Amino acid sequence: MEHKKILIINGHPDPESFNVGLAESYKKGAINSGAEVELINIRNLDFNPNLEFGYREKTELEPDLIKAIDQIKNANHLVWIYPTWWYGYPAMMKGFIDRTFLPGLMFKFTKGKPVPDKLLKGRSGRIIITGDTPSWYNNLVMKKPAINSFKKGTLEFSGVSPVKVTYISPLKSSTAEFRQKWLDKIEQLGRENK
């Protein structure tokens, strides 16, 4: 079996959020399994979240983004942890994706081909997403926008497959027991490298 190199990316801007605890739980489980593990807290990176010229002109990459791109490319399992805000994800995470998931780095346009080449093939993914909306409402009424846009429109678009999803909700009114149960489940996912 291939040695697992796992990169955990936490997209929550609050250093005291439950997402931090989830990231640490996954990391602990993965380390205990013998996997090589790195953790990026996007809030700690120094970068401009705006892709200033779109794809028309290159926006120079800051050192923290160059390092993050290398970490993404060197991992064979990517774990993204983020909250649902307005059925999307935090602006800081969106800025990180805009600045790192670039043509030529994560996907590549080829003249005459309608679909770009997926440069992250060979990597699997896990999305751990928190929210206050009940799962049934998020699925049936809203059609999982914060999951679909990232899973299909970013990760799978770039070749990451399979991408599994863990949706943890509702957090706002949750008990300490509910949270501990999820921390234990996420640690187990880390131990299983899933």
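The values are calculated or read from the model by the stated rules, or taken from the named source; none is laboratory data. Predicted model only: the values in this text are computed from it and were never measured. Cβ sites come from the backbone with ideal geometry, for glycine too, and all protein chains shown count toward neighbours. Note: areas computed on protein heavy atoms with side chains; ligands, DNA, RNA excluded. Shrake-Rupley method; radii C 1.70, N 1.55, O 1.52, S 1.80 Å.
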(message) Show me the trypsin sites (Lys or Arg not before Pro) within the stretch 144-193 that DSSP assigns to loop and that have at most 14 other Cβ atoms within 10 Å of their Cβ.
(response) K172
(message) If you take every residue apart from D117 with its C-beta less than 14 Å away from the C-beta of D117, what net charge results, scoring Lys and Arg +1 and Asp and Glu -1?
(response) +4
(request) Could you check how many percent of all C-alpha pairs in the chain are farther apart than 22 Å? (result) 48 percent
(request) Mind running the shape call on the stretch 87-194? Use the C-alpha gyration tensor, a ≥ b ≥ c as the square roots of the eigenvalues: rounded below 1.5 for a/c, prolate if a/b tops b/c, oblate otherwise. (result) prolate
(message) So if I take the centroid of the Cα atoms in the stretch 132-194 and the same for the stretch 10-27, what is the distance between those two points in Å?
(response) 13 Å
(request) Find me the longest stretch of the chain that has none of the exposed chymotrypsin sites (Phe, Trp or Tyr not before Pro), where exposed means in a DSSP loop (not H, G, I, E or B) with at most 14 other Cβ atoms within 10 Å. (result) 110-194
(request) Quantify, in whole percent, the carbon and sulfur part of the accessible surface of the chain (1.4 Å probe; protein heavy atoms only). (result) 54 percent
(request) Go through K4/K73; K143/K164; K67/K113; K151/K194 and tell me which ones have a Cα-Cα distance over 19 Å in this structure. (result) K67/K113
(message) Less than 9 Å Cβ to Cβ from P49, Lys/Arg counted +1 and Asp/Glu -1: what total charge do the surrounding residues give?
(response) +1
(message) Charges on Cβ only, +1 for Lys and Arg, -1 for Asp and Glu, centred on the Cα centroid of the stretch 62-183; of V79, N148, Q180, which one is farthest towards the dipole's positive end?
(response) N148
(request) Grab the beta carbon distance between D70 and E192, set R0 = 25 Å, and tell me the FRET efficiency rounded to 0.05. (result) 0.45
(request) Bin all alpha-carbon pair distances of the stretch 30-116 at 10 Å intervals from 0 and give each bin's fraction as a whole percent. (result) 13, 42, 34, 10, 1
(message) Using only DSSP helix segments of four residues or longer, with each worth -39500 (n - 2.57), what per-residue ellipticity at 222 nm results for the chain after dividing by its residue count and rounding to 500?
(response) -10000 deg cm²/dmol
(request) Output the pairs from K5/K185; K94/K185; K27/K185; K121/K152 with a Cα-Cα distance over 22 Å in this structure; if there are none, say none. (result) K94/K185
(request) Enumerate the aspartates and glutamates that K181 could reach by cross-link, defined here as Cα to Cα under 16 Å, with residues fewer than 8 away along the same chain left out. (result) E24
(request) Compare V165, V141, V37 in a GNM of the chain, Cα atoms joined below 10 Å, and give the one with the largest fluctuation. (result) V141
(message) If you count only protein heavy atoms with a 1.4 Å probe, what accessible area per residue comes out for the chain, rounded to a whole Å²?
(response) 52 Å²
